[in-house]
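Visitor: Dropping the structure in here first, questions after.
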Amino acid sequence: MNYRIAPSILSADFARLGEEIRDVVAAGADIIHFDVMDNHYVPNLTIGPMVCEAIRPHTSAPIDVHLMVKPVDALAAMFAKAGADIITFHPEASEHVDRTLELIRDAGCKAGLVFNPATSLSYLDHVMDKIDMILIMSVNPGFGGQSFIPEALNKIRAARERIDAYTARTGREIWLEVDGGVKVDNIREVAAAGADTFVAGSAIYGKPDYKAVIDAMRAELAKAGR
Ligand SMILES: O=C(CO)[C@@H](O)[C@H](O)COP(=O)(O)O
Ligand SMILES: [Fe+2]
């Protein structure tokens, strides 16, 4: 299994963001997770396309933009222009999920849907062909540093079953990302449930030695048995 670790810059030092991104990639990160919150769909307010554009020259790692905004379409287009590689959004926040997925892919990015703890995976039913990534939230969206909600493991297993059935039928791969409360001490269980891409904000940026945390996560992943 090809596992990917995606540090969330929500827990980085924003006064030194470029350096924080270079450091985490040098420490072994595969993807930069970029949390966009609008103080409307979620209570917090974070960063927009200008910041994405500003960090783009600091890394060649894919920038994974997690949109916690409503409405979605205008901002999705702006992030595609600002250098995002992957753009995910919450289906409840889009008036027309299929159209938003198309808009993101037409702009040259990978597209994905994000599932809150209480959101049904049935939003996937008719759009699998337009999805490159499924993101399962293991906390309620809005803040870093929350505790992993154990029920998310069942949803990860259900999403993995859908992906495996789809890949067996079409040959096309879809990534399964998990976001919220992922740490060294639970990443193995999250991987065993079927995830291949792991967002970790406070677990990585909350420690002084990013490489030590990422190495410890990879050591756990090597034992996951998938
Ligand atoms: O999208 C979100 C929160 O809404 C996340 O990406 C968090 O930033 C993850 O932070 P940790 O739970 O890993 O500290
Ligand atoms: Fe996120």
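Visitor: Could you derive backbone 3J(HN,Hα) for the range 197-212 from the dihedral phi with the Karplus parameters 6.51, -1.76 and 1.60 (θ = phi - 60°), listing whole Hz in sequence and x where the residue is Gly or Pro?
Guide: Coupling constants for the range 197-212: 9, 10, 7, 8, x, 4, 4, 9, 6, x, 10, x, 10, 5, 5, 4 Hz.
Visitor: Would you kindly derive the ³J(HN,Hα) couplings of the range 30-40 from the backbone phi angles with the Karplus curve 6.51 cos²θ - 1.76 cosθ + 1.60 (θ = phi - 60°), listing them in order in whole Hz, with x for Gly and Pro?
Guide: My calculation for the range 30-40 gives 9, 9, 9, 8, 10, 8, 10, 10, 10, 6, 8 Hz in order.
Visitor: Toward the positive end of the charge dipole of the chain, about the Cα centre and with charges on Cβ (Lys, Arg +1; Asp, Glu -1), which of Ala195, Gly225, Leu153 goes farthest?
Guide: Of the candidates, Gly225 comes out farthest on the positive side.
Visitor: Something else: Relative contact order, percent, of the range 4-222 when contacts are C-alpha pairs under 8 Å separated by at least 6 residues?
Guide: Relative contact order comes out at 20 percent.
Visitor: Would you please give the residues with an amide H less than 5 Å from that of Asn44, counting only those at least 5 places away or on a separate chain, with H modeled from the backbone geometry?
Guide: Distant-sequence amide H within range of Asn44: Asn39.
Visitor: What percent of all Cα-Cα pairs in the chain falls into each 5 Å bin, going from 0 up to the bin containing the maximum distance?
Guide: Taking every Cα pair in the chain, the percentages come to 1, 7, 16, 20, 22, 18, 11, 4, 0, 0.
Visitor: To make sure I understand the rule: partners must be aspartates and glutamates, Cα under 19 Å from the Cα of Lys70, and not fewer than 8 residues away in the same chain. Which ones qualify?
Guide: Asp35, Asp38, Glu92, Glu95, Asp98, Glu102
Visitor: Looking at the chain, send over the antiparallel percent of its DSSP beta bridges, to the nearest 5.
Guide: About 5 percent, rounded to the nearest 5.
Visitor: For the range 173-226, go through all pairs of different Cα atoms, get the mean of 1/r, take its inverse, and jot down that Kirkwood value in Å.
Guide: The Cα-based Kirkwood calculation yields 11.2 Å.
Visitor: Of Lys155/Lys183; Lys110/Lys130; Lys81/Lys110; Lys81/Lys211, which ones are farther than 21 Å apart at the Cα?
Guide: Distance filter (> 21 Å) returns Lys81/Lys211.
Visitor: If you average the sequence gap of Cα pairs under 8 Å that are 6 or more apart and divide by the length of the range 104-226, what percent do you get for the contact order?
Guide: With pairs under 8 Å counted, the relative contact order is 22 percent.
Visitor: What list of ³J(HN,Hα) couplings, whole Hz, do you get for the range 6-15 from phi and the Karplus terms 6.51, -1.76, 1.60, once you set θ to phi - 60° and write x for glycine and proline?
Guide: In residue order, the calculated couplings are 10, x, 8, 6, 4, 9, 7, 7, 5, 6 Hz.
None of the figures in this text is laboratory data; all of them are computed from the coordinates on show. These numbers were taken from a predicted model, which means no experiment stands behind them. For neighbour counting, all protein chains shown are included, and Cβ atoms are generated from backbone atoms with ideal geometry for every residue, glycine included.
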